[in-house]
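The values are calculated or read from the model by the stated rules, or taken from the named source; none is laboratory data. Being a predicted model, the structure only gives us computed values, none of them experimental. Glycine gets a Cβ as well: all are built from the backbone with ideal geometry, and neighbour counts include every protein chain shown.
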Amino acid sequence: MERGLLEKSSTFIKMKIAIFPQNGSLNSRPVFNAFIEHLRSKGENMSINKDEDCDVAVIWSVLWSGRMSANREIWNNFQERNKPVVVMEVGGLKRNSTWKIGINGINRDADFANDKFDDKRWPKFNIEMKPWKQTGNTIIICGQHDASHQWREKPSMNDWVEQQIIEIRKYSDRPILVRPHPRNVFDLNEKKYTNVKIGKPQRDLNTYDDTDFKKTLKSAWAVINYSSNPAIESVINGIPVFVSESSLCYDVGNHSLSKIENPTMPERQQWANKLAYTEWTVSEIREGLPWARIRQRLEEKYIR
């Protein structure tokens, strides 16, 4: 499937591509380098760290924080001109080994050009899909970074978590564990509620955002997460999730907390097969496998 796309991509029309590696996180460097190397090998018309009336921008994440803050202006500028933005970011399947590449957003808000997929790619990740099994009694609420574009027009993270707690208590008295994003901690007054605790993520690897989440899942009844990667990890480990429409787990998740005591646990293999075409290794990016898909979609749908 991918080889055919690569062959076809060599006949595509030219487009001007603005790439902004200077605004990427530290772990983005090899990803950007591989991406740029491939585009150069194909003779693509690129502009690095500046927009010269380009047709498409390529940025790292939609988290408007730290090194990536400057991407917000780029995003707004291109979106206002109805021009697409390709977003690269850390993956959720093999964190810091595979990387997402989508158009005009992240997670389920993005277009990954993965409507055509098969069952050949998922085994390459060598991930065990554990059977559905609620391994404990705790309902886990996972926060995420509220500086992300995905959190636009949402309440504060603290208020959102409180909303989830109040809704859960309509249907369940199980213990609740609140886990903030490791780099977006907030102050929840847990004394306001019965049987609610905050558990701040603990590092278990030598990277800035890998945590002890797998250990936490051992006591989980269900996981509540708006749209970020913990939901993917939960589904793969067999823990039911409650997510929004912006989550890549929406198709295998629950959408109403009224089902917290009897959550849906659907078949997951087709979901996994499609998900496998959202993430790529650095060597695959250098080879051009994701760009062949993304470029074709850009020309068919976004570049006018």
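Just one of (1) assigned by TED's automatic domain parsing to the domain that holds Arg81; (2) on the phi > 0 side of the Ramachandran plot; (3) not acidic (Asp, Glu) fails for Val282. It is (2). Of the residues Gly66, Gly105, Gly92, the single one that is within 16 Å of the chain's Cα centre (by Cα), small (Gly, Ala, Ser) and at pLDDT below 95 is Gly92.
The test for being among the hydroxyl-bearing types (Ser, Thr, Tyr) and in contact (Cβ under 8 Å) with a residue 40 or more places away in the chain does not hold for Ser156. Please go through the range 247-273 and give me each residue that is polar (S, T, N, Q) and crowded, with 18+ Cβ neighbours inside 10 Å, ordered by number. Matches in the range 247-273: Ser247, Asn254. In the range 261-273, the residues that are under 11 Å from Pro240 (Cα atoms) form Cβ pairs under 9 Å with partners that are among the acidic types (Asp, Glu) and outside any loop (DSSP other than H, G, I, E, B), at six or more places apart or across chains, as follows: Pro266/Asp251. Tally up the residues in the range 152-172 that are among the acidic types (Asp, Glu) and over 18 Å from Val223 (Cβ atoms), please. Looking only at that region, the number is 2.
Among the residues examined, Gln144 qualifies as within 18 Å of Val235 (Cβ to Cβ), within 19 Å of the chain's Cα centre (by Cα) and not assigned by TED's automatic domain parsing to the domain that holds Ala70. Kindly indicate whether Phe35 is modelled with pLDDT of 95 or more, out of contact with any helix residue (DSSP H, G or I) (no Cβ under 8 Å at 6 or more places or on another chain) and in a helix (DSSP H, G or I). The answer is no for Phe35.
You will find that of Lys130, Lys120, Lys83, Lys116, the residue that is of a type in the set (D, E, K, R), touching a Gly at 6+ places or on another chain (Cβ under 7 Å) and either in the same structural domain as Asn184 (by TED's automatic domain parsing) or in contact (Cβ under 8 Å) with a residue 24 or more places away in the chain (or both) is Lys130 and no other.
Of all the residues in the range 5-26, those that are part of a helix (DSSP H, G or I), surrounded by 15 or more Cβ atoms within 10 Å (Cβ to Cβ) and at pLDDT below 95 number 3.
Pick out the one residue from Val178, Val161 that is part of a strand (DSSP E or B) and over 18 Å from the mean Cα position of the chain (by Cα).
On the way: Val161 fails: part of a strand (DSSP E or B).
The unique qualifying residue is Val178.
Does any residue of the range 46-56 turn out to be in the same structural domain as Asn33 (by TED's automatic domain parsing), in contact (Cβ under 8 Å) with a residue 24 or more places away in the chain and surrounded by 20 or more Cβ atoms within 10 Å (Cβ to Cβ)? Yes, the range 46-56 contains a residue that is in the same structural domain as Asn33 (by TED's automatic domain parsing), in contact (Cβ under 8 Å) with a residue 24 or more places away in the chain and surrounded by 20 or more Cβ atoms within 10 Å (Cβ to Cβ).
Considering each residue of the range 252-260 in turn, at least one proves to be closer than 26 Å to Thr135 by Cα, in a helix (DSSP H, G or I) and touching a helix residue (DSSP H, G or I) at 6+ places or on another chain (Cβ under 8 Å).
Got at least one residue in the range 215-226 being modelled with pLDDT of 95 or more, polar (S, T, N, Q), in a loop (DSSP other than H, G, I, E, B) and closer than 30 Å to Asn273 by Cα? Among the residues of the range 215-226, not one is modelled with pLDDT of 95 or more, polar (S, T, N, Q), in a loop (DSSP other than H, G, I, E, B) and closer than 30 Å to Asn273 by Cα, which makes the answer no.
Would a scan of the range 179-191 turn up a residue that is of a type outside the set (A, V, I, L, M, F, W, C), modelled with pLDDT under 95, touching a His at 6+ places or on another chain (Cβ under 6 Å) and buried (at least 16 other Cβ atoms within 10 Å of the Cβ)? So far as the range 179-191 goes, yes, one or more of its residues are of a type outside the set (A, V, I, L, M, F, W, C), modelled with pLDDT under 95, touching a His at 6+ places or on another chain (Cβ under 6 Å) and buried (at least 16 other Cβ atoms within 10 Å of the Cβ).
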